[in-house]
Amino acid sequence: QFENVAVPRLHPEDADRVLVAVLATGPNFNTNFASLGLPVPVFGRGDAATVHVPGSDALGIVVDAGSAVKSVKVGQAVILDSWTGRNIIRGYETHDGFNAQFAVVDEERALAVPDELKSQSPERMAAMLLTYGTAYRAVVERLAVAPGDSVLLMGGGKGTSFAGAQIAKALGARVILMGSNAALGRALIERGIADAFIDRRRIPESAFGVIPADLSADQWREKTASFREIVLAANHGQPVDRIFEH
């Protein structure tokens, strides 16, 4: 059921926080997960919340600021960062998401819109940060992609894999996408965002999924040979250096 929630306000203890009027929010698949209670229910995870406000991406205008806030000011447009902790995503793993008229966020989570993006629409900017943040964290921080690396991106160039492909190309990598939309793959190659595309529909479904406990190593190699062969073919016969499976 739908319910109204109280408008958040700043209190004396919120000296380093800002109140933001939300102009646009970005869709993200974790809202689907939250609605379905997958992979785990959003309630009963450490707090007593009975109402879940989804939404992990947003852009808005600062309408109030705590006394210690220095980096943004009232009236400024800000992109909201939903990563409230290193591994906690606001609006999914917390109940105070951004699909609301107002939101209170820590100063460091309200990012002033840079000059380079001011010509973009609120909708574009609102839908950016969680997707690109996820891709950056994987490609730059975890995989440490370097010039000349070959990177296989599962996802075929939509959402997070699109962002990952852009970041990997900017780092000088060879980008190989695997997905089911060949037309999209060709378009991204033409735009210089990818170097090769693998149509996953050419790989038998048996090559994917959970590995049965009673499957021997030799049986697994035989079952997944088609996957390795098509990846090698897309990378000039060489194994890829990095894999981004988000």
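The values are calculated or read from the model by the stated rules, or taken from the named source; none is laboratory data. Everything numeric here is computed off the predicted structure, so don't read it as measured data. Because the Cβ atoms are built from the backbone with ideal geometry, glycine has one as well, and the counts that use them run over all protein chains shown. Protein only, heavy atoms only, side chains kept; ligands, DNA and RNA dropped before computing areas. Shrake-Rupley method; radii C 1.70, N 1.55, O 1.52, S 1.80 Å.
The residue pairs whose first member lies in the range 138-150 and is in contact (Cβ under 8 Å) with a residue 12 or more places away in the chain, whose second member is aliphatic (A, V, I, L, M) and open to solvent by 40 Å² or more (accessible area, probe 1.4 Å), and whose beta carbons are closer than 8 Å, counting only pairs six or more residues apart or on different chains, are 139/171; 140/171; 145/171; 146/171; 147/171; 149/171. Taken over the range 150-167, the residue count meeting the criterion of being of a type in the set (Gly, Ala, Ser) and closer than 17 Å to residue 234 by Cα is 5. Evaluating residue 124 against the criteria (1) within 21 Å of residue 91 (Cα to Cα); (2) touching a residue at least 60 places away in the same chain (Cβ under 8 Å) leaves one unmet condition, (2).
Go through (1) open to solvent by 10 Å² or more (accessible area, probe 1.4 Å); (2) in contact with a helix residue (DSSP H, G or I) (Cβ under 8 Å, 6 or more places away or on another chain); (3) assigned to a loop (DSSP other than H, G, I, E, B) and name the single condition residue 162 misses. Unmet condition: (3). More than 19 Å from the chain's Cα centre (by Cα) and on the phi > 0 side of the Ramachandran plot - does that describe any residue in the range 140-148? The answer is yes, given that some residue of the range 140-148 is more than 19 Å from the chain's Cα centre (by Cα) and on the phi > 0 side of the Ramachandran plot. Put simply, of 236, 246 the only residue that is in a loop (DSSP other than H, G, I, E, B), open to solvent by 70 Å² or more (accessible area, probe 1.4 Å), within 23 Å of residue 143 (Cα to Cα) and modelled with pLDDT under 95 is 246.
I need the full set of residues from the range 129-157 which are farther than 18 Å from residue 87 by Cα, open to solvent by 20 Å² or more (accessible area, probe 1.4 Å) and among the hydrophobic types (A, V, I, L, M, F, W, C), in order please. Once the filter is applied, which keeps residues that are farther than 18 Å from residue 87 by Cα, open to solvent by 20 Å² or more (accessible area, probe 1.4 Å) and among the hydrophobic types (A, V, I, L, M, F, W, C), the range 129-157 yields 144, 146, 154. Within the range 112-127, the residues that satisfy the criterion of being in contact with a strand residue (DSSP E or B) (Cβ under 7 Å, 6 or more places away or on another chain) and surrounded by fewer than 18 Cβ atoms within 10 Å (Cβ to Cβ) are 112, 113, 123.
Would you say residue 209 is out of contact with any helix residue (DSSP H, G or I) (no Cβ under 8 Å at 6 or more places or on another chain), open to solvent by 30 Å² or more (accessible area, probe 1.4 Å), in a loop (DSSP other than H, G, I, E, B) and under 26 Å from residue 132 (Cα atoms)? No, not satisfied. Among the residues making up the range 176-206, a single one is touching a Phe, Trp or Tyr at 6+ places or on another chain (Cβ under 8 Å), free of Cβ contacts under 8 Å to residues at least 24 places away in the same chain and closer than 14 Å to residue 154 by Cα: 182. The C-beta contact set for the range 210-227 (first residue closer than 24 Å to residue 200 by Cβ, second residue in a loop (DSSP other than H, G, I, E, B), distance under 7 angstrom, 6+ apart or interchain) comprises 220/211; 226/203; 226/204; 227/203. For residue 222, the test of being touching a strand residue (DSSP E or B) at 6+ places or on another chain (Cβ under 7 Å), over 17 Å from residue 234 (Cα atoms), open to solvent by 40 Å² or more (accessible area, probe 1.4 Å) and not in a loop (DSSP other than H, G, I, E, B) is failed. Applying the criterion of being open to solvent by 30 Å² or more (accessible area, probe 1.4 Å) and part of a helix (DSSP H, G or I) to the residues of the range 168-196, the residue that is nearest to residue 29 (Cα to Cα) is 184.
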